[in-house]
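Inspection log for the structure reproduced underneath, given as structure tokens.
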Amino acid sequence: MNLIYILLGANLGNPSEQLYSAKTLLSQKLGNLVIESSLYESQAWGVEDQPTFLNQVLLFETSHDAQESLLICQEIENELGRVRKEKWGARIIDIDILYFNSEIIETPQLTIPHPYIQDRKFTLHPLCEIADSYKHPKLGLTNEELLLNCIDNLVVTKI
């Protein structure tokens, strides 16, 4: 079985409902939900002139490989009404793969670990809640160390 850490995010419509729907569909299509973080509210990162986000990190066990997992995540985003307009823009749902086992994958379609983990407190706070001592396979630092070193100054609040 593979272990896959996933970040959910939404800031349009009813974000808490969309995160719940995404989690339910991931449980049905991807694999067994092992643990989930609390919900976190955060200011938008990248394109800041938009509504606040709700985020959550989930850990799944899956029999799928990384590429198959990506396709499942994209299928669920589409099913929930995701429209890709602008990078880092407002969205109904966003499903990002953060880690896949301890693998380093760099293809045109998929980069694992997610390239912005260390730069985003809205990712690191929920990630540390469920996997503070997990080591980033490329950077060699734990998620807790990444959070301590993160210079992102946007407010992230546990709900």
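The values are calculated or read from the model by the stated rules, or taken from the named source; none is laboratory data. Small disclaimer: the values here were computed from a predicted structure and weren't measured. Methodologically, a virtual Cβ is constructed for each residue, glycine included, from the backbone with ideal geometry; neighbour enumeration extends over all protein chains shown.
The figures follow:
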item: Segment 4-62: number of residues that are within 24 Å of Ser102 (Cβ to Cβ) and part of a strand (DSSP E or B); result: 20
item: Selection from segment 135-159 of residues that are under 15 Å from the mean Cα position of the chain (by Cα) and touching a residue at least 60 places away in the same chain (Cβ under 8 Å); result: Val156
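One line per residue, one yes/no per condition, for (1) more than 23 Å from Ile151 (Cβ to Cβ); (2) modelled with pLDDT under 95:
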{"position": "Asn11", "(1), (2)": "no, yes"}
{"position": "Asn14", "(1), (2)": "yes, yes"}
{"position": "Lys23", "(1), (2)": "yes, no"}
{"position": "Ser27", "(1), (2)": "yes, no"}
{"position": "Glu36", "(1), (2)": "yes, no"}
{"position": "Phe53", "(1), (2)": "no, yes"}
